[in-house]
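The values are calculated or read from the model by the stated rules, or taken from the named source; none is laboratory data. Being a predicted model, the structure only gives us computed values, none of them experimental. Virtual Cβ from ideal backbone geometry, glycine too; neighbours counted across all protein chains shown.
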Amino acid sequence: MQVMSIREVEKYAWNKKRRAVYNCLRMLDKKGGIRLLDISCNNGGQLVEYSKLLEGEFIGIDIKKFGEWNFLNYDFIVSYFW
């Protein structure tokens with residue numbers, strides 16, 4: 001029996017969670033055109049992945065601005081949640 005490292009287990013769990021989120025979003029997007037707010041979007045990488053699967057409006061929000069936002073065609077907001 002092969003034992004997985006902690007890193008492999010975390011990667012497996014992350015990918016499994018990501019697939020579940022994508023499947024849920026696809027079900028919600030049956031009418032076409034979803035509005036998605038990614039809270040704590042970091043550099044916007046996940047928004048790019050969502051836009052490959054779905055049609056719609058994508059907005060990212062985080063507590064600081066990331067340079068990558070300048071190269072992405074989405075709306076981004078810098079805000080603190082208190």
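Limited to segment 4-26, what total is found for residues that are of a type in the set (Ser, Thr, Tyr) and surrounded by 11 or more Cβ atoms within 10 Å (Cβ to Cβ)?
2
Every residue in segment 55-82 that is among the acidic types (Asp, Glu) and either within 19 Å of Arg19 (Cα to Cα) or buried (at least 17 other Cβ atoms within 10 Å of the Cβ) (or both), please. Let's see the steps before the verdict.
Step one: of segment 55-82, the residues among the acidic types (Asp, Glu) are 55, 57, 62, 68, 75.
The answer is Glu55, Asp62.
Consider Leu37 against the criteria (1) under 11 Å from the mean Cα position of the chain (by Cα); (2) farther than 13 Å from Phe76 by Cβ; (3) not hydroxyl-bearing (Ser, Thr, Tyr): it satisfies all of them except one. Which criterion is unmet?
Among (1) under 11 Å from the mean Cα position of the chain (by Cα); (2) farther than 13 Å from Phe76 by Cβ; (3) not hydroxyl-bearing (Ser, Thr, Tyr), the lone unmet condition for Leu37 is (2).
So Lys52 passes all but one of these: (1) in contact with a strand residue (DSSP E or B) (Cβ under 7 Å, 6 or more places away or on another chain); (2) exposed (fewer than 15 other Cβ atoms within 10 Å of the Cβ); (3) of a type in the set (D, E, K, R). Which condition number does it fail?
Lys52 satisfies every listed condition except (1).
Return the pair list, or none, for Cβ contacts closer than 6 Å from residues in segment 52-68 that are at positive phi and at pLDDT below 90 to residues that are part of a loop (DSSP other than H, G, I, E, B) and not charged (D, E, K, R), at least 6 apart or on different chains.
Here the result reads Gly56/Gly33, each pair linking segment 52-68 to a residue that is part of a loop (DSSP other than H, G, I, E, B) and not charged (D, E, K, R).
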